[in-house]
Amino acid sequence: MTAPLAYRRILLKLSGEALMGSEDYGIDPVVIRRIAHEIIEARDAGAEVGLVIGGGNIFRGAGLAASGMDRVTGDQMGMLATVINALAMQDALEKLGAKVRVMSALKINDVCEDYIRRRAVRHLEKGRIAIFAAGTGNPFFTTDSGAALRAIEIGADLLLKATKVDGVYDKDPGKHKDAQRYEQLTYDEVITRNLQVMDTAAFALCRDSDLPLRIYDLSVPGNLMRILRGENIGTLVKG
Ligand code: UDP
């Protein structure tokens, strides 16, 4: 018999860049399929899975504003980019047989559902994968904040932030060979050591709601299941 899962309901945050693979823009179909496989494996093992995907592989408001665009318009384009990614992930998951619902913080009823918390929880209870698109629905936020917000709203046991690095280090592991990875940190340690884990608004939401957060490397196949089985992969941040 397999061991019970350490977490019942999770919120997984992927950056838009995670979908690019080795490309500079857009979505790599091979990469999105591999990620979709891992998510379905987690769901099949009994986890309820909510997803938030960023939009940085297409547009970010701050980048557009730096090139002269109105910031709010740029952020709206960024939020729409997250909807595009959510639809691509919905398709990849459905091709592999999963039941999926995209729920958007911006109303775009012709392409997906509106985000309604009670409906989202119902989807999860029924074994559907819920993809929360358009971040918080407000400009000047990021999808990290969207992920923290949705994780708290749906009562997730854990917020997983998938990155290209296998956790949080005391200094940049790309530049320093002696960089040390933290296995576990408290919220206060993240602040006092000035560690970059998530943006400040997102981090404050996690800390205020005592939501555990794990930062891990998505590119290592099987990591998601290892975490769900209770292995100490990446870095865990909790109170
Ligand atoms: N965005 C926003 N409000 C939100 C979430 C996202 O305005 O609540 C916009 C913002 O411009 C952001 C872009 O959408 O840069 C894409 O999201 P993000 O940068 O978080 O994507 P990631 O870096 O995770 O790919």
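The values are calculated or read from the model by the stated rules, or taken from the named source; none is laboratory data. What you are looking at is a predicted structure, and each value in this text was computed from that prediction instead of being measured. Every residue, glycine among them, receives a Cβ derived from its backbone with ideal geometry; neighbour counts consider all protein chains shown. Heads up: the accessible areas ignore ligands, DNA and RNA and are worked out on the full protein's heavy atoms, side chains in. Shrake-Rupley method; radii C 1.70, N 1.55, O 1.52, S 1.80 Å.
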Next item on the list: State all residues of region 24-37 that are crowded, with 18+ Cβ neighbours inside 10 Å and touching a residue at least 60 places away in the same chain (Cβ under 8 Å); if no residue qualifies, say none.
Entry: Ile27, Ile32, Ile35, Ala36
Margin query: Quick check on Gly234: is it under 26 Å from Val31 (Cα atoms), surrounded by 21 or more Cβ atoms within 10 Å (Cβ to Cβ) and either touching an Asp or Glu at 6+ places or on another chain (Cβ under 6 Å) or touching a residue at least 40 places away in the same chain (Cβ under 8 Å) (or both)?
Written below: yes
Notebook entry, point to check: What are the residue pairs meeting all of these: first residue in region 141-169, first residue more than 23 Å from Ser219 (Cβ to Cβ) and hydroxyl-bearing (Ser, Thr, Tyr), second residue open to solvent by less than 50 Å² (accessible area, probe 1.4 Å) and within 14 Å of the ligand (Cβ to nearest atom), Cβ atoms under 9 Å, and 6 or more apart or on different chains?
Noted result: Ser145/Gly135; Ser145/Thr136; Ser145/Met198; Ser145/Asp199; Ser145/Ala201; Ser145/Ala202
Item checked: region 51-82 - residue that is hydrophobic (A, V, I, L, M, F, W, C) and under 15 Å from the mean Cα position of the chain (by Cα) and, of those, farthest from the ligand (Cβ to nearest atom) -> Leu51
Notebook entry, point to check: If you check every pair at least six apart or on different chains, which have Cβ atoms under 9 Å apart with a residue in region 88-116 that is under 18 Å from Asp28 (Cβ atoms) and in a loop (DSSP other than H, G, I, E, B) first and a residue that is within 16 Å of the ligand (Cβ to nearest atom) and among the acidic types (Asp, Glu) second?
Noted result: none
Next item on the list: Of the numbered conditions (1) of a type outside the set (A, V, I, L, M, F, W, C); (2) crowded, with 22+ Cβ neighbours inside 10 Å; (3) near the ligand (Cβ under 10 Å from one of its atoms), Arg150 fails exactly one; give the number of that condition.
Entry: (3)
Note to self: Yes or no: region 43-50 includes at least one residue that is within 16 Å of the ligand (Cβ to nearest atom), open to solvent by less than 10 Å² (accessible area, probe 1.4 Å), closer than 24 Å to Ala151 by Cβ and part of a strand (DSSP E or B).
What the structure shows: yes
Next item on the list: Mind counting the residues in region 148-159 that are within 16 Å of Gly234 (Cβ to Cβ) and touching a helix residue (DSSP H, G or I) at 6+ places or on another chain (Cβ under 7 Å)?
Entry: 1
Notebook entry, point to check: Listed residues Val102, Val111; which is modelled with pLDDT of 95 or more and either crowded, with 18+ Cβ neighbours inside 10 Å or among the hydroxyl-bearing types (Ser, Thr, Tyr) (or both)?
Noted result: Val102
Check: Got at least one residue in region 166-173 being open to solvent by 10 Å² or more (accessible area, probe 1.4 Å), under 23 Å from Gly56 (Cβ atoms) and within 16 Å of the ligand (Cβ to nearest atom)?
Finding: no
Next item on the list: Tell me, please, whether a residue that is among the aliphatic types (A, V, I, L, M) and either within 16 Å of the ligand (Cβ to nearest atom) or open to solvent by 10 Å² or more (accessible area, probe 1.4 Å) (or both) can be found in region 183-190.
Entry: no
Check: Name the pairs: first residue in region 11-23 and outside any strand (DSSP E or B), second residue charged (D, E, K, R), Cβ to Cβ under 7 Å, at least 6 apart or on different chains?
Finding: Leu19/Asp28; Met20/Asp28; Gly21/Asp28
Notebook entry, point to check: Regarding Gly135, is this residue modelled with pLDDT of 95 or more, within 16 Å of the ligand (Cβ to nearest atom) and at positive phi?
Noted result: yes
